[in-house]
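Q: Right, I'll just put the structure down here and ask away after.
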Amino acid sequence: MIELPSLNHAARQSAVDVLVLHYTELPLDESLKVLRDDKRPNRVSAHYVLAEDGTVYRLVPEDRVAWHAGRSHWRGREALNGSSIGIEIVNLHGDRHDYPDVQIGALVELCCDIIGRHQAIVPCNVVGHSDIAPKRKIDPGLRFPWARLAAGGIGLWPRAGAKPVEGDVQAALQRFGYPPAVDVTTTEIVAAFQRRFRPTGVDGIADPETRALLADLLSQGETRCE
């Protein structure tokens, strides 16, 4: 791990219980420059940056708040910077470019270390930026290997065969963690869910397959996320 401190951070007032994964949209050098620039009008940062070759850069200590989530909502809470750790994964566009195996291997190791230090990060609280800001963000993208992370004990992945959720899908999505349909539409929230859990078919329609995946995740959450 390479220490490369950023000045863009603040005091932490809340315990850490969320882990947020992003892609950078920029090459490594540019990403590090932006995340450490304390002169730009809207300063940003992350706790870690993960290069394509698996090298980990630590920019902000975990006991400080990094500015990576922005306007965000998850499991009934907003403004998640205060209770989260953010990892920026170098990838120019996660819908178009695969993540190298060595990079994902390093990510699994890093996430396991973080969760070991912050055991309040339950599986439901390992999220992508697109989960917590579905109107604004699409990262870490359709090609991000969420299933591989779940196999390593990081986050959740749905199993096939569940009975589809019936009734109000918006209410069911909120039970899982997604925001209410206030500044974002249910269609956008369904699309964010599909981006993560059914990346081969993202249309914002709560069809039976989408509802079945959601039902299984809610079932897993009852035992693994409290």
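Q: Looking at this structure, is G161 over 16 Å from the mean Cα position of the chain (by Cα), in a helix (DSSP H, G or I) and surrounded by fewer than 16 Cβ atoms within 10 Å (Cβ to Cβ)? Spell out the reasoning first.
A: Working: over 16 Å from the mean Cα position of the chain (by Cα): yes; in a helix (DSSP H, G or I): no; surrounded by fewer than 16 Cβ atoms within 10 Å (Cβ to Cβ): yes.
Taking the combined requirement at face value, the residue does not satisfy it.
Q: Output yes when any residue across region 158-170 is under 23 Å from D98 (Cα atoms) and touching a residue at least 40 places away in the same chain (Cβ under 8 Å), and no when none is.
A: yes
Q: Only one residue in Y48, Y57, Y23 is within 17 Å of K137 (Cα to Cα) and buried (at least 16 other Cβ atoms within 10 Å of the Cβ). Which one?
A: None of the others qualify; the one that does is Y23.
Q: Give me the residue from region 24-41 that is assigned to a loop (DSSP other than H, G, I, E, B) and more than 23 Å from A192 (Cα to Cα) and, out of that set, nearest to the chain's Cα centre (by Cα).
A: Filtering region 24-41 for residues assigned to a loop (DSSP other than H, G, I, E, B) gives 24-27, 37-41.
Pick out the ones that are also more than 23 Å from A192 (Cα to Cα) and you get 27, 37-41.
Working: P27: 20, D37: 23, D38: 24, K39: 27, R40: 25, P41: 25 Å.
Out of the qualifying residues, it is P27.
Q: What are the residue pairs meeting all of these: first residue in region 6-21, first residue touching a residue at least 40 places away in the same chain (Cβ under 8 Å), second residue of a type in the set (D, E, K, R), Cβ atoms under 6 Å, and 6 or more apart or on different chains?
A: Hits for this filter: S6/R36; N8/D38; N8/R43; H9/R64; R12/D63; R12/R64.
Q: Considering only residues that are touching a Ser or Thr at 6+ places or on another chain (Cβ under 7 Å) and either among the small types (G, A, S) or at pLDDT below 95 (or both), which ones fall in region 52-76?
A: If the condition is that a residue be touching a Ser or Thr at 6+ places or on another chain (Cβ under 7 Å) and either among the small types (G, A, S) or at pLDDT below 95 (or both), then A66, A69 are the ones that fit.
Q: Separate question: Yes or no: D63 touching a residue at least 12 places away in the same chain (Cβ under 8 Å) and either in contact with a Cys (Cβ under 9 Å, 6 or more places away or on another chain) or farther than 24 Å from A10 by Cα (or both)?
A: no
Q: Please name all residue pairs, on different chains or six or more residues apart, with Cβ atoms under 7 Å, provided the first residue is in region 205-226 and is under 21 Å from E188 (Cα atoms) and not assigned by TED's automatic domain parsing to the domain that holds D131 and the second residue is surrounded by 13 or more Cβ atoms within 10 Å (Cβ to Cβ) and among the charged types (D, E, K, R).
A: E209/R198; T210/R198; L213/R198; L218/R175
Q: Hey, another quick one. I need the full set of residues from region 88-104 which are within 20 Å of I154 (Cα to Cα) and surrounded by fewer than 23 Cβ atoms within 10 Å (Cβ to Cβ), in order please.
A: D98, Y99, P100, D101, V102, Q103, I104
This table checks each residue for (1) within 21 Å of A160 (Cβ to Cβ); (2) modelled with pLDDT of 95 or more; (3) over 20 Å from the mean Cα position of the chain (by Cα).
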{"site": "T187", "(1), (2), (3)": "no, yes, no"}
{"site": "Q194", "(1), (2), (3)": "yes, yes, no"}
{"site": "G201", "(1), (2), (3)": "yes, yes, no"}
{"site": "D216", "(1), (2), (3)": "yes, yes, no"}
{"site": "R224", "(1), (2), (3)": "yes, no, no"}
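Q: Looking for something touching a His at 6+ places or on another chain (Cβ under 6 Å) and closer than 26 Å to A11 by Cβ - is there at least one such residue anywhere in region 137-147?
A: Yes, some residue in region 137-147 is touching a His at 6+ places or on another chain (Cβ under 6 Å) and closer than 26 Å to A11 by Cβ.
The values are calculated or read from the model by the stated rules, or taken from the named source; none is laboratory data. Remember, predicted model here, so these are calculated numbers, not experimental data. When we count neighbours, we look across all protein chains shown, and the Cβ atoms used for this are built from the backbone with ideal geometry, even at glycine.
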